[in-house]
Amino acid sequence: MKNKIYQFMQGRYGADDLSRFSLWVAVAFLVVALITRNSILDTLALLILVWCYFRMLSKNYSKRYAENEWFLGIKSKVTGFFQGRANTAKQSKEYHIYKCPTCKQKIRVPRGKGKISIHCPKCNTDFIKKS
Ligand SMILES: [Zn+2]
């Protein structure tokens, strides 16, 4: 029996990031479908599961690989976006962003230093702001 499963799985693509992610999405959909008794989500979860198994059992390596690469590209874009946001939020706690009145260049100034003179590195204007 074990041998048969092994033979069956040989040459198959198997699990990757995309299939793991879609499994989680399917599970999430199933949970929400159970709570809300939403039959559309139920069907959607089933479709995702079928698609997921189709990919894992597929023998078309290059196509599956390309799909996974595409997914990883989107994933890194999404995580990059949120990391960028978290960064700005963190910075706004410690820094004030001012715009130069002359050239609109954004200048980062540390907070809590009282009235300071800010020098614009782009157009050499000096202006006074409270930090
Ligand atoms: Zn300027």
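Tabulated data for the structure shown
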read-out	value
Close pairs (7 angstrom Cβ cut-off, 6 or more residues apart or separate chains): touching a residue at least 24 places away in the same chain (Cβ under 8 Å) in the range 46-58, not in a helix (DSSP H, G or I) anywhere	55/13; 56/12; 56/13; 56/14; 56/15; 57/12; 58/12; 58/13
Selection status of residue 62, among the small types (Gly, Ala, Ser) and within 16 Å of the ligand (Cβ to nearest atom)	no
All positions within the range 34-58 that are touching an Asp or Glu at 6+ places or on another chain (Cβ under 9 Å) and closer than 22 Å to residue 11 by Cα	55, 56
Selection status of residue 127, aromatic (Phe, Trp, Tyr) and either within 30 Å of residue 9 (Cβ to Cβ) or within 16 Å of the ligand (Cβ to nearest atom) (or both)	yes
Among residues of the range 59-70, those that are surrounded by 15 or more Cβ atoms within 10 Å (Cβ to Cβ) and within 14 Å of residue 11 (Cβ to Cβ), counted	1
Matching entry among 85, 108 (being surrounded by 10 or more Cβ atoms within 10 Å (Cβ to Cβ) and assigned to a helix (DSSP H, G or I))	85
Tally, over the range 70-111, of residues that are away from the ligand (no atom under 16 Å from the Cβ) and in contact with a helix residue (DSSP H, G or I) (Cβ under 9 Å, 6 or more places away or on another chain)	6
Near pairs, Cβ below 9 angstrom, 6+ apart or cross-chain, from the range 1-29 (under 22 Å from residue 65 (Cβ atoms)) to any residue that is β-branched (Val, Ile, Thr) and outside any helix (DSSP H, G or I)	none
Residue that is modelled with pLDDT under 90 and under 25 Å from the mean Cα position of the chain (by Cα), where the choices are 93, 77, 130	93
Test: residue in the range 97-104 that is out of contact with any Cys (no Cβ under 6 Å at 6 or more places or on another chain), over 30 Å from residue 19 (Cα atoms), part of a helix (DSSP H, G or I) and free of Cβ contacts under 8 Å to residues at least 40 places away in the same chain	no
Flag for residue 18 being crowded, with 16+ Cβ neighbours inside 10 Å, at pLDDT below 95, aliphatic (A, V, I, L, M) and assigned to a helix (DSSP H, G or I)	no
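The values are calculated or read from the model by the stated rules, or taken from the named source; none is laboratory data. All values reported here derive from a predicted model rather than from experimental measurement. Positions of Cβ are backbone-derived with ideal geometry, glycine not excepted, and every protein chain shown enters the neighbour counts.
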